[in-house]
Amino acid sequence: MVSGQETYECSKLLNYSYWIIVLDIDRFHIINDTSGYANGNSILKNFAHILYKFVTPGGLAARISGDNFALVLRDYGDDELPIRTARSIQEEFAKLAVDEFGSISLTCSAGFSKMPDDGSSFLDVMEHAEFALKSANGTNGSICGYEPSMHDSIIGNTELEKALALAIDNNELQLFYQPKIDLKTGKIMGVEALIRWIKPDGTIIKPDAFLPIAESSHLIGKISEFVLSEGCRQNKMWQIMGYPNIVMSINFTSSDFYQNDLKDKVLDALAKTGLDPKWLEVELTETLALSDIDYAVGQMNKLRELGVKLAMDDFGTGYSSLSYLQILPITLLKLDRSFITDIEHDNIAYEIVSAVIRIAKSKKIETIAEGIENPAQEDILRKAGCNYGQGYLYGKPMPAEKLEEFFEKNAKAHR
Ligand code: C2E
Ligand code: MG
Ligand code: MG
């Protein structure tokens, strides 16, 4: 058998080129955890069989590690070959999921590079394919080709990851709170905890700038633990201080949500702070919940058993199938800001929003509109039967002390 490095040397010598495609089974650890090792092993074997079907003369397929595989294909000048092949592999894999594993949704991601152009040795080229794979930042089903410029962003990301790890240790992460208002009474009924990174010089960094990096590293676990315990602590503190009882909503990413010990972690945070579970709400996005629906429902039910509330965040942006409202044990539906922005003028947005509110109501699910910025939007939503509102009209996300001022003003205005 010819080794990878020998193939590399031949390719240089004979002026051949090859594509190296590195493949990774998405969320394999979760599948392994939830459906058992026997199923996990069977998935790996089946995946290898699929890969073999795509090996062409002069090429090879191999398992690199765990759920990582590589495919080496001779290049005949067709630049679309790696993308087409990766897509076909994804399709076969999805079919396998349906045929053999019932409800498990199986996807894989791919990164590819070209040999010898993309590196100085076989390993170098292969590492570059892995770079390309990682650069998609954990997006399921991504297919990404290597570009030398990727180094810049990956090096940037490594730096950011180090800085973020330090920031966590130095307590630079802080929760801001955005009020949620009862549209009938105008009273505050809850807050959403939104994380901020506050640099020692006072610069505030928004979550979109650092959460993706946290998610692709172990840091997200630490951050989420902080958000959960700090959110519970702060809410209990406000209750002790005599402010009205409100629901504290926290956001979970899919890596938090699919943890086996999710229930224990939440229970632990509630027990340590003494917060009654009915004052805690977990926000999940549609895409997250639907990526593995059976498991998601199981996890959601565990949280519901504790008495914690469950909100579906950004509703309408993902697969947005209303039929899922039947299956998912959610208590609140958050209409995505994109529907609200232009609701005064956009008839279609208005129709969608009213229909969703109506259907949610029939399922005894409450609704909240995100991103309300003016009274006209509020008025339309109230008339459409929406229960709650959140947005700059009421207040931007703010530190705890500012929210205390908000409590006071809100109480005076709506006595
Ligand atoms: P999200 O959960 O959908 O949060 C709502 C986002 O919309 C927040 O952005 C909020 O500041 C913004 N927003 C609220 N009202 C308005 C409005 O009237 N107009 C406009 N233009 N924007 C409005 P933010 O704080 O930058 O958070 C962005 C996303 O980051 C959040 O989206 C959430 O998915 C994620 N995130 C924030 N904090 C956490 C956290 O602690 N943990 C996790 N896992 N994710 C978080
Ligand atoms: Mg949210
Ligand atoms: Mg949202």
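The values are calculated or read from the model by the stated rules, or taken from the named source; none is laboratory data. Keep in mind that what you see is a predicted model, and the values were worked out from it rather than measured. Note: ideal-geometry Cβ built from the backbone for every residue, glycine included; neighbour counts use all protein chains shown. Surface accessibility is based on the protein's heavy atoms, side chains included, excluding ligands, DNA and RNA. Shrake-Rupley method; radii C 1.70, N 1.55, O 1.52, S 1.80 Å.
In the list 111, 119, which residue meets the criterion of being among the small types (Gly, Ala, Ser), more than 23 Å from the chain's Cα centre (by Cα), assigned by TED's automatic domain parsing to the domain that holds residue 11 and not in a helix (DSSP H, G or I)?
Working: 111 fails: more than 23 Å from the chain's Cα centre (by Cα).
After ruling out the rest, the residue left standing is 119.
So if I check each of 266, 297, 282, which one is among the β-branched types (Val, Ile, Thr) and in contact (Cβ under 8 Å) with a residue 40 or more places away in the chain?
Values: 297 fails: in contact (Cβ under 8 Å) with a residue 40 or more places away in the chain; 282 fails: in contact (Cβ under 8 Å) with a residue 40 or more places away in the chain.
The unique qualifying residue is 266.
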Can you pull out the strands (runs of 3 or more DSSP E) entirely within the stretch 171-280 that have at least 1 residues that are over 30 Å from residue 380 (Cα atoms) and within 16 Å of ligand 2 (Cβ to nearest atom)? 173-182, 188-198
So in the stretch 333-355, with the set limited to residues that are within 16 Å of ligand 3 (Cβ to nearest atom) and not hydrophobic (A, V, I, L, M, F, W, C), which one is modelled with the highest pLDDT? 334
Can you tell me which condition residue 407 does not meet? The list is (1) open to solvent by 30 Å² or more (accessible area, probe 1.4 Å); (2) away from ligand 2 (no atom under 16 Å from the Cβ); (3) farther than 28 Å from residue 323 by Cα, and all the others hold. (1)
Could you tell me whether any residue of the stretch 261-275 is exposed (fewer than 14 other Cβ atoms within 10 Å of the Cβ), of a type in the set (A, V, I, L, M, F, W, C) and either more than 16 Å from ligand 1 (Cβ to nearest atom) or within 15 Å of residue 250 (Cβ to Cβ) (or both)? yes
Selection from the stretch 356-410 of residues touching a Phe, Trp or Tyr at 6+ places or on another chain (Cβ under 8 Å) and more than 16 Å from ligand 3 (Cβ to nearest atom) yields 380, 384, 398, 399, 400, 403, 404, 407
Cross-chain or 6+ apart pairs with Cβ under 9 Å, the stretch 334-352 first and open to solvent by less than 40 Å² (accessible area, probe 1.4 Å) and assigned to a helix (DSSP H, G or I), then within 16 Å of ligand 2 (Cβ to nearest atom) and among the hydrophobic types (A, V, I, L, M, F, W, C): 339/315; 339/369; 340/369; 340/372; 349/339; 349/340
Name every residue in the stretch 394-409 that is in contact with a Gly (Cβ under 9 Å, 6 or more places away or on another chain) and free of Cβ contacts under 8 Å to residues at least 60 places away in the same chain, in order of residue number. 402
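Can you tell which of 222, 206, 199, 236 is at pLDDT 95 or above and open to solvent by 40 Å² or more (accessible area, probe 1.4 Å)?
On the way: 222 fails: at pLDDT 95 or above; 206 fails: at pLDDT 95 or above; 199 fails: at pLDDT 95 or above.
Within the list 222, 206, 199, 236, the selection yields 236.
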Scanning the stretch 291-320 residue by residue, those more than 16 Å from ligand 1 (Cβ to nearest atom) and hydroxyl-bearing (Ser, Thr, Tyr) turn out to be 295, 319
Kindly check whether there is at least one residue in the stretch 134-149 that is among the acidic types (Asp, Glu) and surrounded by fewer than 18 Cβ atoms within 10 Å (Cβ to Cβ). yes
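Output the number of residues of the stretch 120-162 satisfying the condition of being aliphatic (A, V, I, L, M) and farther than 16 Å from residue 64 by Cβ.
Filtering the stretch 120-162 down to residues aliphatic (A, V, I, L, M) leaves 123, 125-126, 129, 132-133, 136, 143, 150, 154-155, 160.
Now drop any that are not farther than 16 Å from residue 64 by Cβ, which leaves 136, 143, 150, 154-155, 160.
Total satisfying the criteria: 6.
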Consider only pairs whose beta carbons are under 9 Å apart and that are at least six residues apart or on different chains; among these, list those whose first residue lies in the stretch 64-93 and is under 15 Å from residue 142 (Cα atoms) and among the hydroxyl-bearing types (Ser, Thr, Tyr) and whose second residue is part of a helix (DSSP H, G or I) and open to solvent by 40 Å² or more (accessible area, probe 1.4 Å). 88/53
